[in-house]
Amino acid sequence: MKKIFLLTLLVTLAVSSCKPAGPKIMVDTAWGRQSPKTATAGAFYMFIRNAGLEEDKLIGAKSAACKTVELHESYQTPEGAMGMRRVTGDVIAIPPGATVELKVGGLHLMCIDKLQDFNSGAQIELTLRFEKSGDVPLTADIRE
Ligand SMILES: [Cu+2]
């Protein structure tokens, strides 16, 4: 009887000391380039790190400073010109242990129809939406 109790206790301790499964999302160094409201679109860049044990997916973003925010990627046409487009499925996968960089010439968040000037030194509030982690708020610094 005493042995069974001890075993139960050990199992309970083992389960509760396990690392929680699932993704763990952290966003770092979010920024955008300074531009006036009349330049209707602007991009945001950042590092998205997943320190968890499971993949998560960025599935959207929003900001009070933009009418809509789209997930974009840059690409090169066969003629050598640069273009950009929405990412396939409007999803950016963030694998466990990985850091995905949203950068100039690569993946980025596109602010469509700016609702304010992006002045150097300003901070723009953004909310990223992840499939598993839910909403992650962050602040992007506007630079020259
Ligand atoms: Cu874009």
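The values are calculated or read from the model by the stated rules, or taken from the named source; none is laboratory data. Since the model is a prediction, treat every value here as computed from it, not as a measurement. All Cβ positions, glycine included, derive from the backbone under ideal geometry; neighbour counts span all protein chains shown.
Report whether or not Met82 is within 14 Å of the ligand (Cβ to nearest atom) and touching a strand residue (DSSP E or B) at 6+ places or on another chain (Cβ under 9 Å). Judged against the criteria, Met82 is a match. Over 20 Å from Phe130 (Cβ atoms) and either touching a Gly at 6+ places or on another chain (Cβ under 9 Å) or away from the ligand (no atom under 16 Å from the Cβ) (or both): does that describe Glu55? Here the answer is no, as Glu55 does not meet what is asked. Being under 15 Å from Lys62 (Cα atoms) and not hydroxyl-bearing (Ser, Thr, Tyr) is the requirement here; does Val136 meet it? So Val136 passes the test.
Yes/no matrix, rows are residues, columns are (1) within 18 Å of Ser35 (Cα to Cα); (2) in contact (Cβ under 8 Å) with a residue 40 or more places away in the chain:
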{"position": "Leu58", "(1), (2)": "no, yes"}
{"position": "Thr68", "(1), (2)": "yes, yes"}
{"position": "Thr77", "(1), (2)": "no, no"}
{"position": "Met84", "(1), (2)": "no, no"}
{"position": "Leu115", "(1), (2)": "yes, yes"}
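Listed here are the strands (runs of 3 or more DSSP E) enclosed by segment 39-121 that have at least 2 residues being under 21 Å from Thr139 (Cα atoms), aromatic (Phe, Trp, Tyr) and modelled with pLDDT of 95 or more: 41-50.
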